[in-house]
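First up is the structure itself, then whatever we jot down about it.
The values are calculated or read from the model by the stated rules, or taken from the named source; none is laboratory data. For clarity, every value in this text was computed on a predicted model and none was experimentally measured. Every residue, glycine among them, receives a Cβ derived from its backbone with ideal geometry; neighbour counts consider all protein chains shown. When the accessible area is computed, the model is the full protein with side chains, heavy atoms only, and any ligands, DNA or RNA have been set aside. Shrake-Rupley method; radii C 1.70, N 1.55, O 1.52, S 1.80 Å.
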Amino acid sequence: MPVWERSRKISVLAAASLLTLGVAAPASADEVEQVKNGGFDGTTDPFWSTTGMPMTLTDGQACVDVPGGTANRWDVAIGQNDVPLVAGQSYRFSFDASGDAGHVVRAITGLAVAPYDTYFEQSPVLGDLTHYSYTFTASTDTAQGQVAFQLGGSPDPWHFCLDNVSLVGGVPPEVYVPDTGPRVRVNQVAYLPNGPKTATVVTTATTALPWTLNDRTGKIVARGSSVPRGVDVSSGQNVQTIDFGRYAKAGTGFTITADGETSRPFDIGADAYRALRADALKFYYTQRSGIAIDGALRPGYARAAGHVDVAPNQGDGNVPCQAGVCDYRLDVRGGWYDAGDHGKYVVNGGITTWELLNEYERSHAVRKVSLTIPESGDKTPDILDEVRWELEFLLKMQVPAGETYAGMVHHKIHDQAWTGLPLLPDQDPQPRELHPVSTAATLNLAAVAAQAARIYRAYDPAFAKRALAAARTAYAAAKANPALYAPESDGVGGGAYNDSTVTDEFYWAAAELYITTGEKQFASDVLASPLHTADIFGAGAFDWAATAAAGRLDLALIPNRLPGLAAVRKSVVAGADKYLAVQKAQAYGIPYAPANNMYDWGSNSIVLNNMVVLAGAYTLTGARQYRDGVLTGVDYVLGRNALNQSYVTGYGEVSSQNEHSRWYAHELDPALPHPPNGTLAGGANSSIQDPYAQSKLTGCVAQFCYIDDIQSWSTNEEAINWNSALAWVSSFVADQA
Ligand code: 9MR
């Protein structure tokens with residue numbers, strides 16, 4: 001697991017929810033204080049403070065004048081080291097603090113020595129002296145723990161006082177119970193008037209229940225009986241389903257009532273999907289690296305250009321390789337930040353670019369959608385202008401002619417070490433490094449540059465030519481270096497994106513090169529690939545690591561003359577049939593049922609990508625069940641789920657809004673924005689790799705392995721490859737209206 005912001009936070013919940021659940025409170029062990037002299041009796045020892053920021057004892061409190069003008073929270077701090085922590089033990093971390101109004105303290109428990117992992121953090125906004133208390137469970141054993149109060153990041157100087165610092169071990173662990181609201185679960189955004197409409201009700205009843213559909217005035221406009229479905233595996237809940245698809249009138253503020261519960265409100269209409277199609281794509285402008293974000297285009301989101309060689313950034317204009325990897329430097333400015341971090345990774349950029357360009361090729365209406373970006377108003381569709389920002393970056397990652405591995409592509413470029421949150425892109429002080437080339441990255445460039453060549457030809461023939469030349473060079477280089485794999489171990493300062501199976505990338509690249517050029521050599525490679533006839537539609541159809549379906553879908557759906565296309569198309573329909581069967585078997589209508597009920601990292605994007613296959617089958621056959629499969633699948637992402645929430649910021653009555661991001665870090669700093677509307681959260685992830693999710697969700701059943709907190713990077717990050725799935729599917733849905 002990459003060493004990144006290891007942190008956890010806990011709100012005070014415990015006793016009340018234990019009672020309502022009827023769960024016995026855990027027996028308490030001896031509670032032991034771990035902090036020495038937390039009351040600052042006569043001295044501030046053994047607390048330390050950053051050089052240049054002395055502590056003074058004032059009325060029995062430790063106070064400091066915090067200097068202004070520092071960049072990061074951790075640049076100035078007070079703390080105590082040598083605090084022991086025992087893995088699995090729960091601690092109550094409490095203190096009294098005051099500060100000039102509106103300033104923030106980042107209170108952490110972490111490691112006092114490199115790599116300074118944070119195990120638990122809270123960032124309360126200060127004012128008058130207030131008592132703060134949190135409970136968390138330690139994930140690591142160490143004798144070198146610390147409690148610290150980080151005070152940096154303010155442009156102006158301010159005053160901070162601290163008292164009664166305490167870390168008590170052996171306290172009862174906290175039991176987290178998500179607030180899931182009414183038991184009737186609906187798509188909180190909208191159902192299409194001419195689409196299927198299904199809801200799920202969580203109930204102890206095992207026989208059919210009456211339900212009503214009420215309009216915004218409360219008038220009953222339809223009624224029926226639900227269908228008992230037994231215990232749903234993905235949630236562990238006993239559920240029934242409600243089919244109100246026969247009601248086809250548009251309107252707003254509908255609700256469903258069943259079993260004494262009334263759902264959150266929803267619309268019937270298509271407007272929301274036209275808005276979502278635009279918002280899901282507008283997401284990319286504010287992910288851009290190397291350009292200032294214009295507040296006139298994105299009110300509330302203006303920020304300075306990131307990584308353009310202006311201090312404290314080290315910049316992406318002249319980036320060296322990691323030690324021993326190469327002796328040249330590259331200008332790799334531009335592109336999109338991958339996710340909530342400041343890294344830029346070719347394989348994830350590749351699949352994202354493919355999906356957005358595929359949206360352009362498959363959904364005609366998207367060509368006219370304005371994304372309010374600096375390029376809006378030129379002759380090129382906005383979606384292509386936005387994708388071009390990434391394509392230019394991907395092309396820069398290719399090793400120049402004359403160098404070792406010329407034509408291959410560097411796997412990624414990111415910080416030398418992980419940074420913390422919040423951190424605006426232009427404030428990142430870390431050195432940037434190019435990581436080794438990989439066969440996977442090289443084939444990603446070959447695939448998307450080939451795809452781009454046929455798409456941009458109509459708008460910019462010179463660029464199309466350049467892209468195709470780069471694609472050919474990359475493909476040849478990958479054939480000459482077919483087994484240079486990005487290792488799992490390369491995960492410091494950025495994600496590993498390790499991948500040691502590249503038959504799928506070879507197949508995909510050959511397919512795109514063939515579709516664009518029609519050349520025999522590429523057709524032969526496609527036909528010779530074992531993946532061409534394999535069943536590639538597994539639990540998830542495609543993602544950054546598994547790209548064969550991108551090739552298969554394009555061969556089936558983008559005009560080309562490959563021999564045997566009938567079988568290719570049939571295979572896509574067969575894949576869609578599998579996802580339909582999975583969807584029908586599940587009472588929440590999810591076209592995803594991973595082995596052992598283990599939801600994968602970024603599961604929302606997998607759910608959506610499986611719907612891209614359903615949509616492909618609809619295009620190929622015109623059979624309504626595939627279209628309905630997509631429309632029903634969307635319900636899950638927008639609120640018809642065990643947590644009763646939409647995973648798209650700003651869409652639905654209750655939606656994710658604290659996605660893990662260094663610059664949309666509103667939860668940590670009220671001066672920063674939430675992610676923009678139309679941002680998709682990664683979603684339920686059974687492996688809950690981050691300590692915060694572990695502290696809340698250990699033992700969670702599939703759909704429940706999610707929490708809308710900025711610290712949960714394994715369940716709640718935002719990412720370019722997840723939003724591309726949302727953009728693709730929302731465009732398809734908007735097109736059905
Ligand atoms: O989405 C990626 C997931 O499939 C991997 O299992 C995980 C660990 O390597 O990394 C995820 O991608 C993250 C990347 O490594 C760094 N930027 C943020 C990405 C989303 O969480």
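Tabulated values for the structure
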{"item": "Search result, residues across the stretch 408-418 that are under 30 Å from Pro670 (Cβ atoms) and either assigned to a helix (DSSP H, G or I) or out of contact with any Pro (no Cβ under 8 Å at 6 or more places or on another chain) (or both)", "result": "His414"}
{"item": "Residue in the stretch 635-653 that is farthest from Pro675 (Cα to Cα), counting only those that are part of a helix (DSSP H, G or I) and under 17 Å from the mean Cα position of the chain (by Cα)", "result": "Tyr636"}
{"item": "Hits in the stretch 607-661 (condition: surrounded by fewer than 24 Cβ atoms within 10 Å (Cβ to Cβ) and either under 30 Å from Tyr692 (Cα atoms) or touching a Ser or Thr at 6+ places or on another chain (Cβ under 8 Å) (or both))", "result": "Leu643, Gly650, Glu653, Val654, Ser655, Gln657, Asn658"}
{"item": "Cβ pairs under 7 Å, 6+ apart, first in the stretch 491-516 and away from the ligand (no atom under 16 Å from the Cβ), second open to solvent by less than 20 Å² (accessible area, probe 1.4 Å) and assigned to a loop (DSSP other than H, G, I, E, B)", "result": "Thr503/Ser529; Phe506/Ser529; Tyr507/Ser529; Trp508/Thr547; Ala510/Ser529; Tyr514/Leu562; Ile515/Ile558"}
{"item": "Any hit, the stretch 182-196, residues being over 30 Å from Thr649 (Cα atoms) and open to solvent by 20 Å² or more (accessible area, probe 1.4 Å)", "result": "no"}
{"item": "Unmet requirement for Val729, which otherwise passes all of (1) assigned to a helix (DSSP H, G or I); (2) open to solvent by less than 10 Å² (accessible area, probe 1.4 Å); (3) within 15 Å of the ligand (Cβ to nearest atom); (4) in contact (Cβ under 8 Å) with a residue 40 or more places away in the chain", "result": "(3)"}
{"item": "Residue identified as more than 16 Å from the ligand (Cβ to nearest atom), open to solvent by 10 Å² or more (accessible area, probe 1.4 Å), basic (Lys, Arg) and part of a loop (DSSP other than H, G, I, E, B) among Arg367, Arg333", "result": "Arg333"}
{"item": "Unique residue being within 13 Å of the ligand (Cβ to nearest atom), crowded, with 24+ Cβ neighbours inside 10 Å and without any contact (Cβ under 8 Å) to a residue 40 or more places away in the chain when the list is Ala719, Ala693", "result": "Ala693"}
{"item": "Residue check, Ala539 free of Cβ contacts under 8 Å to residues at least 40 places away in the same chain and either open to solvent by 30 Å² or more (accessible area, probe 1.4 Å) or farther than 24 Å from Val733 by Cβ (or both)", "result": "no"}
{"item": "Total residues in the stretch 666-690, condition in a loop (DSSP other than H, G, I, E, B), within 15 Å of the ligand (Cβ to nearest atom) and closer than 25 Å to Ile293 by Cα", "result": "4"}
{"item": "Criterion violated by Gly324 - all others in (1) of a type in the set (Gly, Ala, Ser); (2) more than 16 Å from the ligand (Cβ to nearest atom); (3) in a helix (DSSP H, G or I) satisfied", "result": "(3)"}
{"item": "Qualifying residue in the stretch 546-557 (condition: within 16 Å of the ligand (Cβ to nearest atom) and either over 30 Å from Ser687 (Cβ atoms) or not in a helix (DSSP H, G or I) (or both))", "result": "yes"}
{"item": "Qualifying residue in the stretch 346-363 (condition: assigned by TED's automatic domain parsing to the domain that holds Ala292, at pLDDT below 95 and either away from the ligand (no atom under 16 Å from the Cβ) or within 18 Å of the chain's Cα centre (by Cα) (or both))", "result": "yes"}
{"item": "Yes/no for Ile413 being under 22 Å from His342 (Cα atoms), in contact (Cβ under 8 Å) with a residue 60 or more places away in the chain and touching a Leu at 6+ places or on another chain (Cβ under 7 Å)", "result": "yes"}
{"item": "Candidates Ala280, Ala248, filtered to the one that is in the same structural domain as Gly652 (by TED's automatic domain parsing), out of contact with any strand residue (DSSP E or B) (no Cβ under 7 Å at 6 or more places or on another chain) and at pLDDT 95 or above", "result": "Ala280"}
{"item": "Selection within the stretch 478-501 - more than 30 Å from Leu421 (Cβ to Cβ) and open to solvent by 10 Å² or more (accessible area, probe 1.4 Å)", "result": "Lys479, Ala480, Asn481, Pro482, Ala483, Leu484, Tyr485, Ser500, Thr501"}
{"item": "Selected residue (criterion: nearest to Ala97 (Cα to Cα)) from residues of the stretch 128-178 that are in a loop (DSSP other than H, G, I, E, B) and over 34 Å from the mean Cα position of the chain (by Cα)", "result": "Leu129"}
{"item": "Positions within the stretch 211-257 being hydrophobic (A, V, I, L, M, F, W, C) and part of a strand (DSSP E or B), in sequence order", "result": "Trp211, Leu213, Ile220, Val221, Ala222, Val227, Val231, Val239, Ile242, Phe254, Ile256"}
{"item": "Selected residue (only one of Ala511, Ala523, Ala539 is touching a Pro at 6+ places or on another chain (Cβ under 9 Å) and assigned to a helix (DSSP H, G or I))", "result": "Ala523"}
{"item": "Filtered residue count, the stretch 214-265, keeping only those that are of a type in the set (A, V, I, L, M, F, W, C) and either open to solvent by 30 Å² or more (accessible area, probe 1.4 Å) or more than 34 Å from the chain's Cα centre (by Cα) (or both)", "result": "8"}
{"item": "The stretch 371-407: number of residues that are open to solvent by 10 Å² or more (accessible area, probe 1.4 Å), closer than 30 Å to Pro482 by Cα and in a loop (DSSP other than H, G, I, E, B)", "result": "7"}
{"item": "Filtered residue count, the stretch 268-320, keeping only those that are open to solvent by less than 20 Å² (accessible area, probe 1.4 Å), part of a helix (DSSP H, G or I) and closer than 23 Å to Leu672 by Cβ", "result": "5"}
{"item": "Yes/no for Gly540 being at pLDDT 95 or above, farther than 23 Å from Ser724 by Cα and within 16 Å of the ligand (Cβ to nearest atom)", "result": "no"}
{"item": "Candidate set: the stretch 456-469, residues that are open to solvent by 10 Å² or more (accessible area, probe 1.4 Å) and in contact (Cβ under 8 Å) with a residue 40 or more places away in the chain; chosen: the one nearest to Glu392 (Cα to Cα)", "result": "Arg466"}
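Each row is one residue, and each column tells you yes or no for (1) open to solvent by 10 Å² or more (accessible area, probe 1.4 Å); (2) of a type outside the set (A, V, I, L, M).
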residue: Asp543; (1), (2): yes, yes
residue: Ala549; (1), (2): no, no
residue: Asp554; (1), (2): no, yes
residue: Asn560; (1), (2): yes, yes
residue: Ala576; (1), (2): no, no
residue: Gln586; (1), (2): yes, yes
residue: Trp601; (1), (2): yes, yes
